[in-house]
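Asker: Dropping a structure here in structure tokens format, bear with me for questions.
The values are calculated or read from the model by the stated rules, or taken from the named source; none is laboratory data. Please read all numbers here as calculations on a predicted model, not as lab measurements. Note that each Cβ is placed from the backbone with ideal geometry, even for glycine, and that neighbours are counted across all protein chains shown. Areas reflect the complete protein model, heavy atoms only, side chains present, ligands, DNA and RNA absent. Shrake-Rupley method; radii C 1.70, N 1.55, O 1.52, S 1.80 Å.
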Amino acid sequence: MRSRLVVAGFLAGAALAASAWAAEDAQNEPLTGVPGDAARGRAVVLSRTLGNCLLCHALPVPTERFQGDIGPSLAGVGSRLSAGQMRYRIVDSTRLNPDTIMPAYHRAEGAVRVAGPFRGRPVLTAQEVEDVVAYLLTLRE
Amino acid sequence: MLYRQRLAWGALALLLAATVGVAQEPIRPDPVRSGRDFQAPETRAMQDDDGANPGMLWVARGRALWDEAVGAARRSCASCHGRADETMRGVAAQYPRVDPSSGRLLNLELRIQQCRGERQDAPVPRFESDELLALTAYVAHQSRGMPVAVSVDGAARPFFDAGRAAYFQRIGQLNLACTHCHDANWGRMLRGDRLSQGHGNAYPAYRLDWQAVGSLQRRLRFCNTGVRAEPHPFGAAEYVALELYLAWRAKGLTVESPAVRR
């Protein structure tokens, strides 16, 4: 009896957790009142000190010689994902996949042993995230 | 216990398994592959030819230092240890190792510093100094080709556990752990770098971008600053424990020092 209850609890927990994960995959509310600027977003994405997204992703920018292949190519991502889905993944992709290698770009809490100049700051500001989303929306198939 | 409480425990157990338990399981890469396999052919060729491998200059310097009498005691390494090609064979393959007298976990650099300071009564060579790198590379070279064989049981166990925890700890502003790059993604491109499995068997190694031989801890500091984490100082207990975990992970590989890397 005891063990059956435990198993039931475990399954219920699993179902709850799974439904919570499945329900949320977009953050439709913009982070700022200023609409994103795609040109600035492009600069943020390519910059080694800001987004540095090419560490892991390929982009349809042939002048960039070194492009990572750890994450999916972002070519055509504007046709695959909505602005809200992109925002959700860029702000904190561990909400979708707890083991992801993709850094949380707009979450300052919970980080450990952050080097001095970066302490207490998210990787990108809210406006930079909006700019990046605006740029990614232009990448259509 | 109330049914609802059990529910909560069940959910908690699941969450724990998802976030902590599963992620921290010690895992060895399968198949295990040396960092050498991820280098360009020219770099591999440079490593394989002692005449072309710049790391051998440090080994030669280490050989000379081995016989040099130093300190108040006017003793050389050879005074106590004789011929390195006999007495140091296989030693580096067993490091890091617990020092029975102090109970500390020592890597090769720390052991050599201890000999210099306590047994030779000589100034302790600084981390990353030519003297310490040359002696370490010379001693490590005596184990070249021998399987990495550290002990992680008994006195070494707590250090191993600490090293494993460090390996799976997300750190820095980019919030990444060693496992994200070196277990989940080896073989893939991180911008211009092909990710290896992150083994330590190359070190001390000659890195082309350093134009010099450097220690494993120098490489670990790069991996830390790469994710915008505060690196530990050289010789920090955290790094030595991490080195022990790396050596355990490298089972099946042989000591390559001084290897050549990009």
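Asker: Only helical DSSP H runs with n ≥ 4 go in: add -39500 (n - 2.57) per run for the protein assembly as shown, normalise by residue count and round the 222 nm mean residue ellipticity to 500 deg cm²/dmol.
Answerer: Value at 222 nm, helices only, nearest 500: -11500 deg cm²/dmol.
Asker: I'd like the accessible area for B:PHE222, computed on protein heavy atoms only with a 1.4 Å probe and all protein chains in place. Round to 10 Å², please.
Answerer: 100
Asker: Along the charge dipole of region B:77-219, pointing to its positive end and built from +1/-1 on Cβ of Lys, Arg, Asp and Glu, which listed residue (B:GLY90, B:GLY172, B:LEU106) has its Cα farthest out?
Answerer: Value computed over the given set: B:GLY172.
Asker: Measuring with a 1.4 Å probe in the full set of protein chains, what accessible area per residue, in whole Å², belongs to region A:16-141?
Answerer: It amounts to 51 Å² per residue over region A:16-141.
Asker: Restricting the count to DSSP beta bridges whose residues both fall in chain B, what percent are antiparallel, rounded to a multiple of 5?
Answerer: Just about 85 percent of them are antiparallel.
Asker: Give me the inter-chain shielding for B:225-231: mean count of other chain Cβ atoms within 10 Å, whole number please.
Answerer: Details: counts 1, 1, 6, 11, 6, 7, 2.
Across the residues of B:225-231, the mean count of other-chain Cβ atoms within 10 Å is 5.
Asker: Which of B:MET56, B:MET146, B:MET189 ends up with the largest GNM mean-square fluctuation for chain B, with Cα atoms connected below 10 Å?
Answerer: Ranking B:MET56, B:MET146, B:MET189 by mean-square fluctuation puts B:MET189 first.
Asker: Another question, then. If Rh is defined by the Kirkwood formula over all Cα pairs and Rg also comes from Cα, what ratio Rg/Rh do you get for chain B?
Answerer: Ratio of gyration radius to Kirkwood radius: 1.03.
Asker: Report Rg(Cα)/(2.2 N^0.38 Å) for region B:196-262, keeping two decimals.
Answerer: So the Cα radius of gyration is 1.08 times the expected 2.2 N^0.38 Å.
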